[in-house]
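Down below is the structure, laid out as structure tokens.
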2 protein chains.
Amino acid sequence: MEEFAGAMGTSASLVLRLGQAFFSSASLFFMCWNNEFFRYSAFCFLMAVMSIVIPWSLGLALVDACSIFLKCPIRRREVVSFIVRGDWVLSFMSLGAACSAASVTDYMKNHRTYLCNPTLCDRSQLSAAIALLSCFLSLASSIFNLWLLHSL
Amino acid sequence: MEEFAGAMGTSASLVLRLGQAFFSSASLFFMCWNNEFFRYSAFCFLMAVMSIVIPWSLGLALVDACSIFLKCPIRRREVVSFIVRGDWVLSFMSLGAACSAASVTDYMKNHRTYLCNPTLCDRSQLSAAIALLSCFLSLASSIFNLWLLHSL
């Protein structure tokens, strides 16, 4: 099992999943701090994606925890294949949403639009940056599981 | 070779590469139509990424064409691995740039800022949509080459 550190059922995978859930929650928290941001589609998209990433990561963290403590890792090809696809889709969506939110915030900051006071813009910028971290962790999980998939 | 349709050295790969070069050029063309867009970082980022994708795709299209006509496909593990990584990075960057440009345009359209008249906004929206197509083709090339890499 050691040769697939980061693949499903390992403690590294559990850490990755908890990291994804933590960063997604933090991103959602900073974005939701101010209700005015619900007006912008880029920010709504980021919130929607993060709302999907949180249950996905927590669910898989639970599966990893069960695999570690019960010592019976799930190694069925169909299951791993489904998880790899889910991770790819979510990491792509997270990347798109984070870039969208970051660029809209950048635009608002540079053009001093009426709704963007510095504190609020900083929060949404922070939210986008944290979402990007979550995206990279999803991508890492997906790559490790892809390696596991090829060995099954 | 038929089992890796889409992987390096096949005619499907050549079509994918030409498609990437075509869509990237079209995206760059629609974005550059109006010089005012150079003021926005999201649009500059899209142009920078598309300017990298064009020579990358054309270069690999040339390699594919040589492989097809000279009947000597390159199947060295290091080369394929380098191309897979390059494709991943470029498809991720294209996705981020396309989403950024699309969301900034959407923001400008919805908030009627002084610089965005309908024609110009439509052009940048079209440019972002075409960049997204180029991104999907890069992703397809990368997946096919990843399959080839695992068989080497």
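No value in this document is a laboratory result; all are computed from the given coordinates. Just so we're clear, the structure is a prediction, and the values are computed from it rather than from any experiment. Please note: Cβ atoms are built from the backbone with ideal geometry, for glycine as well, and neighbour counts cover all protein chains shown.
List of remarks:
- Two-decimal log10 I(q)/I(0) for segment B:2-76, as the Debye equation yields it once each C-alpha is a single scatterer, q = 0.15, 0.21, 0.28 Å⁻¹: -0.57, -0.83, -1.18
- Sorted shortest first, the distances from the residue B:151 label point to those of the same residue in the other copies are 2.3 nm; each point sits 7 Å from Cα along Cα-to-Cβ.
- Applying D = kT/(6 pi eta Rh) to segment A:17-58, where Rh is the Kirkwood radius over alpha-carbon pairs, T corresponds to 4 °C and eta to 1.567 mPa s, the Stokes-Einstein value obtained is 126 µm²/s.
- Placing a label point 7 Å from the Cα of residue A:122 along the Cα-to-Cβ direction, the distances to the matching points in the other copies come to 4.2 nm, shortest first.
- Between B:86, B:142, B:131, the Cα set farthest toward the positive side of the dipole of segment B:2-151 (charges on each charged residue's Cβ, about the Cα centre) is that of B:86.
- Ranked list, fewest to most other Cβ atoms within 10 Å of each Cβ, for A:105, A:10: A:10, A:105
- Separation of segment B:12-77 and segment A:62-105, taken as the distance between their Cα centroids, equals 30 angstrom.
- Sorted shortest first, the distances from the residue A:39 label point to those of the same residue in the other copies are 2.1 nm; each point sits 7 Å from Cα along Cα-to-Cβ.
- Computed helical MRE - 222 nm, the protein assembly as shown, DSSP H runs ≥ 4 contributing -39500 (n - 2.57), nearest 500: -28500 deg cm²/dmol
- Given charges at beta-carbon only (K, R positive; D, E negative), |dipole| of chain A in Debye: 160 debye
- The trypsin sites (Lys or Arg not before Pro) found in segment B:45-152 that occupy coil by DSSP, while having at most 15 further C-beta atoms within 10 Å, are B:71, B:76, B:112.
- Using every pair of distinct Cα positions in the protein assembly as shown, the Kirkwood expression returns a hydrodynamic radius of 20.6 angstrom.
- Expressed as a fraction of 2.2 N^0.38 Å, the value expected for a compact globular protein of N residues, the C-alpha radius of gyration of chain A is 1.16.
- Here the convex hull built on the C-alpha positions of segment B:88-152 has a volume of 58 cubic angstrom per residue.
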